[in-house]
1. Under 6 Å between Cβ atoms, at least 6 apart or on separate chains: pull out the pairs that start in the stretch C:33-50 with a residue that is under 8 Å from C:Ala291 (Cα atoms) and end on any residue that is part of a helix (DSSP H, G or I) and small (Gly, Ala, Ser).
2. Name the residue that is farthest from the other protein chains (Cβ to nearest Cβ), counting only residues in the stretch C:396-433 that are closer than 14 Å to C:Val329 by Cβ and buried (at least 24 other Cβ atoms within 10 Å of the Cβ).
3. Please verify whether A:Ala144 is in a helix (DSSP H, G or I), touching a helix residue (DSSP H, G or I) at 6+ places or on another chain (Cβ under 9 Å) and more than 9 Å from every other protein chain (Cβ to nearest Cβ), treating the condition exactly as stated.
4. Within the stretch A:52-98, track down each residue that is part of a loop (DSSP other than H, G, I, E, B) and basic (Lys, Arg).
5. Which one is surrounded by the most Cβ atoms within 10 Å (Cβ to Cβ), of the residues in the stretch C:507-541 that are of a type in the set (Ser, Thr, Tyr) and within 8 Å of another protein chain (Cβ to nearest Cβ)?
6. For residues that are in a loop (DSSP other than H, G, I, E, B) and free of Cβ contacts under 8 Å to residues at least 40 places away in the same chain, tally how many sit in the stretch B:78-99.
7. Would you pick out the residues in the stretch A:88-125 that are more than 9 Å from chain C (Cβ to nearest Cβ), in contact with a strand residue (DSSP E or B) (Cβ under 8 Å, 6 or more places away or on another chain) and of a type in the set (A, V, I, L, M)?
Amino acid sequence: MTAAAVSPPAQTTTPALEVRDLVVRYGSGRKARNAAPAVDGVSFDIAPGETLGLVGESGSGKSTIGKAVLGLQKVTAGTVRLHGQDVTAMSLKQRSRTVADLRVVFQDPYSSLNPARTIGQTLVEPLRLLGVRGPDAAQRARAALASVGLPPDAADRYPAQFSGGQRQRIAIARALVCDPKVVVLDEPVSALDLSTQATVLNLLADLRDQRGLSFLFIAHDLGVVRFLSQRTVVLYRGQVMEAGPADAVGEQPRHPYTVALTAAAPVPRPAEQAARRAARESAGFGTAGAAAPSATGCPFVPRCPLATDVCVQQRPPLRPVGDSRAACHHADRVPSL
Amino acid sequence: MPAYIARRLAMAVGTVLAAVVISFLLVHSADGSPGAVALGPSGTPEAIAAKNHELGWDRPLVTQFVDYLGHLVRGDLGTSLIDNRSIATDLATRLPVTGFIALFATLLSGVVGVVVGVTAAVRGGRFGKAITSSSGVALSLPAFWVGILLVYVISLQLGWLPATGYVNFTDDPVGWFQSLVLPVLTLAVGGAAIVARTANAGMRDALGQEHIRTLRALGTPPWRIRYVHALRYASVPVVSVLGIQFIALFGGSVIIENLFALPGLGQASQAAVSAHDFPALIGVVVVATVVVVVTNLLLDLLVAALDPKVRAA
Amino acid sequence: MSVLPLPDADTIAAEAAPTEPVPPAQRRRGVPGFLRRPGGALGAAWLVVVVVASFTAPLWRPYAVDEQDLDHRLALPSGAHLLGTDPTGRDVLSRIATAGAEPLLSAALTVLVAFAIGLPLALIAAERGKRVEQVISRVTEVFLALPSTIILLALIGVIGSRMYIVMAALGVLISAAVYRVMLGVAQSVRQRLYVDAARVNGLGSLRVNVVHVLPSMATVIAVQAAQLFGIGLLINAGLAFLGFGPSEPQPSWGFMIQDASKHIYDDPWLLVPTGLVLALTVVAANELADALAGKAAGRDERPRARRRAPLRTAAAAAAPADPANVLEVRDLSVSVDGGPQLVSGVSFALRPGRVLGLVGESGCGKTMTARSLLGLLPDGVSVSGGVILWQGRDLADLPEKELNAVRGREIAMISQEPMVALDPMFSVEYQLVQPIRRFRGAGRGEARRIAAELLRNVGIVDAERVLASHPHQLSGGMAQRVAIALALTGEPKLLVADEPTTALDVTVQAEILSLLRALVRDTGLSVVVVSHDLGVVADICDDVAVMYAGAVVESGTAAGVLDEPAHPYAMALLAANPHVPAGEPVPVRLASIAGTVPPPGSWPTGCRFAGRCQFAQQQCTTPFPALPAHGDGTVLCIRAAELSGARWGAVAVGAETVPAPAASTLTPPTPPLPTAGASR
């Protein structure tokens, strides 16, 4: 791990990716303006060679952030900078011309490869746009396949001939064929079986270490995120609840939601899981979706056992707590949960 | 739900407006003029110009359009260039002929199509195969040809019904009904085939849904699964297709009326076309559109009653 | 498409959803698929014949179109006039052939215009998002609601019978329908991630559409075009029938039929040739469309509960059931009818009030095993051997009607996707009340009271509101609670839960698991849980059966199997899990298993896991029996004793992912399902 920064990266180096006060609202018109935004003032940096994990459940806005970073989703407010260059308003075509080093690996290996095109055609496509053609492009495609552990003749086949794990490796090869510096990984292992998931995670860790890649790793599973990331950002309803070093967030959560998330993830040890379940049930978290959160306060209020009046009225700012930063008025009481 | 109805209503008004605009523009882009049509080949250019002025044809297009709309709202469609009769009155007597043919044909298509399509989906096997194949053929047959064949078999060979002609309901209800049987049957052949296909596909789709498995896992009786749950699910596409069918059958009846010598809108439009009777042309288009739009509005409400998701939208 | 790359091969025989646009097939050499169906081949052949005959008619027609044979008016077919003559003695064959070019060309023109307008609009609407889409859609809805035949007549009234212009105008009107169909397809294609990936790569809008979107729409475009061609022909002929076609003596199909209609009294034959040619041409276009859409006429897919293949091996039912067990499954096999086994020789037992977990990766047969308990296997899949002993009966051998009485009342099921498990058309109240009345014989009011009580029992506080809701108004967690309440309406003794929390968020999963656990504790319910998640199994299960490639490889108490796994596959699954217990460091490298689960039909003899096992030896490739383990449990590994306490190691960094010079790690492309036959 080249840049296993425990604290946010030193200010001297330009971050590979910098997201500031990102807001994304879906739709338009009166209805949309009154609804809570999908992403609500999210900021983070990723240093060169660093992996940042973005964790949250459905509706947390994590995939929307990924899309906004990639330019696939219009941003309502805030900025996205790539190596210091503001790309927020750039079209996808402009981006590819100026900063051709942001790529993506999606969740579903079955729809992320065009079934009508050979693996070779899929890998060569981004190279052609960069002006690499003919034997050079074919050579780079084979090299990319080799880097994900697939033989060169895979280039002549169609996606249907590969298993889910293999397809996901091909998708990684497509992301890497142009030698990007930053890769958005949008739930890259969620659709895979456990053993295949491990292979892909190992591969991603290797590639990052070998090439000094920066990953924005989007996932719903804290365990998976902890394996790959140096730092973790926990999202709930479009807002950052907690951010900090992966181990600190995993071992000593500073926000009640992080506690809920950690406590809910079951471990495959019956005795320990029984203890965890008992602890979780006694902590008294509210049922998901039972009540709507207030617009002005903390979004986790309806489910939070620590919530008080101030939580309903005031949105807590993100402030340092221990090794992490947490957006909670009662962060000091969290360890008691 | 109110928002849904409002949206549908707005669509309906928009559609009628579009029909008026389209036919208005069509007529005004024509080579001839109403004066020339009214006076016939004997009219001198001066007389034609005078007649056109009298009809207001030389006024700005927008003025004429607004004027027409004003009359339309009051149910006035102008007078025929050929015989100076009120177009609205003429079409009012013709509308029931076409309207009842299209309505009965749609109802018959709906009932026969749903029964056949659902049975094919539920029974499957050879029966299903036969239904799918024969409906594929039936929906491809030209209606006017089917009509002639029906006349040949039912009227000429079997002598069951009169071949052509129309009897007023007030004169002889039974005769009226008899005079409509063949035209309705003619149109329903293709209509029922299309509905049967939709119902069949919808039913198969419904029976493959996950919630059907939930019902089976609860030991729900098969008839209830099929005819309450799956049928309700399949009914939404069927009702939508009925709306489209009504439009198609309404248009189709224009051709059929010619074949069966029925005094409906079709005959009126054919006459108006042949005689270049411009006000009558616009009138037919507008009346046909209004009927179609109103029917579709009713079916939209039926869809809303059937599908809770539409209601919520 | 090969069956295996489906996300979950457990759904092996389930039909692919027919509404999804079909991706272009593998480019195969030889005859395209639609021509291999009889309808497609015949339709295409007839269209070719008609087109060639019509456009070459001046070269071969026996008579000129206006050549009158006054001695043979209204003649029947003869050597001189193969299809007879018309009222003025003109040759019908010559006239039909000559008349063909105009309707064929104008119908093609209609299709062309309709697509030239509708398709680009659909692509734009799908690309530009909701606002643009709504504007275009509203306008096209207006067009769809216009009575097109009457508008065409009005057009003819204005411009006269200039048929190509009229048919182009029809194309404009029909483009709205093309837009509607194409929009749906384009939107669903654009949702595929390869389109996003191409956009991230910087591909321009035009190229994205041409390279990635349009090819995936090709099938639907072809189907729609063929159907519209048929409609164009019909409308063209209809207008000609009214006399608005080519004028005499030029022949037209429509007017020839009009002509014939005046002679049904004296020469009905005259109706036949023209009408038949027109009808057959439209039928051919529609048959071609069906064949392109892949709908062989009446493909048999009866939604019928055919539970068992006729050839069931004589059951190993000799031994009576252990009275302590509520459920006993012995040597159960499930097969594709006339195809490979999906589950083979599975045995397990369940005691009252206990929770059994069937765990394994996708494609291991756990869902098939669970579904066979209720006789709810997909069409074309059936129990091919073994017994399912339940309350003194063999469920695998019960007639459908008796089995239906067991479902819900004795054994109930909840499934993976709560959002689609409830009927979207009915309120929650209706869906609950109806089975309550059937199961408990309660009246309407009483049933409603019980329904509310059941909802409260599954942790729904505002039961009244939920009762009045429709499924689309519920969140995933709420829907799963309702589904559980529904399963409890018949007060079953056994609940089969197929991945009950897989589709849910992790905090919601914890709530649902707690609910299930409370139900077991309070009601003495027995549960069979299918899961791929070892954490879920550790949370809720008392006993575990680990499945691999259709067989149980290890079974025993949850604590036994998960804490001291005896089978290498169980060890590997545990080692691959990234969830570390509190206090343990995150591993630098996760254990993984090379290769993939062998598909049904190509299971190796001996241990099915041997090909991927770190500990495999020569002896593993010969068949061997299961060994006892974890008390009452079993392990299906011949080296189990030697491997006790072994750990599945993490694979070395390079060995798995970087191609070794000698052996490539690429597993050969999985063969299609019905081939190979190494399994028994």
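1. Close Cβ pairs (under 6 Å, with a partner that is part of a helix (DSSP H, G or I) and small (Gly, Ala, Ser)) amount to C:Phe34/C:Gly40; C:Phe34/C:Ala291; C:Leu35/C:Ala41; C:Arg37/C:Ala291; C:Gly39/C:Ala291; C:Gly40/C:Ala291.
2. If we take residues in the stretch C:396-433 being closer than 14 Å to C:Val329 by Cβ and buried (at least 24 other Cβ atoms within 10 Å of the Cβ), then C:Ala396 is farthest from the other protein chains (Cβ to nearest Cβ).
3. So A:Ala144 passes the test.
4. Within the stretch A:52-98, the first condition is being part of a loop (DSSP other than H, G, I, E, B), and the residues that meet it are A:56-61, A:71-76, A:83-84, A:87-91.
A:Lys74, the sole residue that qualifies.
5. C:Thr507
6. Within the stretch B:78-99, residues that are in a loop (DSSP other than H, G, I, E, B) and free of Cβ contacts under 8 Å to residues at least 40 places away in the same chain number 3.
7. A:Val99
Residues are listed down the side, and each one gets a yes or a no for (1) assigned to a helix (DSSP H, G or I); (2) over 26 Å from the mean Cα position of the chain (by Cα); (3) over 22 Å from C:Thr367 (Cβ atoms):
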{"position": "C:Leu467", "(1), (2), (3)": "yes, yes, yes"}
{"position": "C:Gln480", "(1), (2), (3)": "yes, no, no"}
{"position": "C:Leu486", "(1), (2), (3)": "yes, no, no"}
{"position": "C:Val496", "(1), (2), (3)": "no, no, no"}
{"position": "C:Pro500", "(1), (2), (3)": "no, no, no"}
{"position": "C:Leu513", "(1), (2), (3)": "yes, yes, no"}
{"position": "C:Ala518", "(1), (2), (3)": "yes, yes, yes"}
{"position": "C:Val527", "(1), (2), (3)": "no, yes, no"}
{"position": "C:Val530", "(1), (2), (3)": "no, no, no"}
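The values are calculated or read from the model by the stated rules, or taken from the named source; none is laboratory data. These numbers were taken from a predicted model, which means no experiment stands behind them. A quick note on method: Cβ atoms are made from the backbone with ideal geometry, for glycine too, and the neighbour counts reach across all protein chains shown.
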